[in-house]
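Working notes for the structure below.
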């Protein structure tokens, strides 16, 4: 079997780095996309050591040009693209007392617009091939709005809806659109959180689960089970109960976090 040809955004750290390592062990050929050249070089060396092959595409995923360059690198050097994993993400608090529209824009562009640019760039290649997998790494945070996380929640919700729309249109084409929605994962993005994060996962395990879901072609994979079930319950919860419960929980959790 020929090695997989993969574009991976958000490849320099966290879940993305571990996804690259997993695929490298299978001899995959990867285009690694992120802003930080030095960290991408470290991941490239790891990929090579593990038996894979990697190219670096350093750039801002919010820009159309970055997706276009990643596509060209995959096509010109690997002869095509089998999987495009849109894993780039930006988080951080956006509380209303100091709400910044500019920060909300950066979050939306990183988490949603970057995926739109990648779909635009890669989809024609996959359709011409007659096969391929587009993978949107969303979040369980994208199913309801949480205090202090409005921009992040909204961006992941938008990503889920975009992926769902594309998935339906691609049905029967040989190209699949997959949505992955993790819960809390121990990364630099979650490190500043002052509230309890139930079922917190290590990035290695999250990456392993994501790779397995991609292998199986799961159209939607939400994990871990405990967080997923809790989020589904919140989706059905009436606003009066949701508002009171989440507001109380965030205040209590922040206090606990500061006391640790």
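The values are calculated or read from the model by the stated rules, or taken from the named source; none is laboratory data. These numbers come from a predicted model, not from an experiment. In this analysis, Cβ positions are derived from the backbone assuming ideal geometry, glycine residues included, and neighbour counts consider all displayed protein chains.
Can you report the number of residues in segment 144-159 which are at pLDDT 95 or above and surrounded by fewer than 19 Cβ atoms within 10 Å (Cβ to Cβ)? Residues flagged as at pLDDT 95 or above and surrounded by fewer than 19 Cβ atoms within 10 Å (Cβ to Cβ) within segment 144-159 amount to 1.
Inside segment 216-240, can you point out the residues that are surrounded by 12 or more Cβ atoms within 10 Å (Cβ to Cβ) and either in contact with a strand residue (DSSP E or B) (Cβ under 8 Å, 6 or more places away or on another chain) or within 26 Å of residue 13 (Cβ to Cβ) (or both)? Result: 218, 219, 220, 221, 222, 223, 224, 227, 228, 231. The helices (runs of 4 or more DSSP H) found wholly in segment 36-137 and carrying at least 1 residues that are at pLDDT below 95 and over 15 Å from the mean Cα position of the chain (by Cα) occupy 101-108. The set of residues from segment 126-137 being touching a residue at least 40 places away in the same chain (Cβ under 8 Å) and surrounded by fewer than 19 Cβ atoms within 10 Å (Cβ to Cβ) comprises 127, 129, 130, 131. Counting only residues that are in contact with a strand residue (DSSP E or B) (Cβ under 8 Å, 6 or more places away or on another chain) and surrounded by 21 or more Cβ atoms within 10 Å (Cβ to Cβ), which one in segment 90-122 is nearest to residue 234 (Cα to Cα)? Applying the filter and picking the extreme gives 115. Taken together, 80, 51, 59 contain a single residue that is under 19 Å from residue 120 (Cβ atoms) and surrounded by fewer than 16 Cβ atoms within 10 Å (Cβ to Cβ), which is 80.
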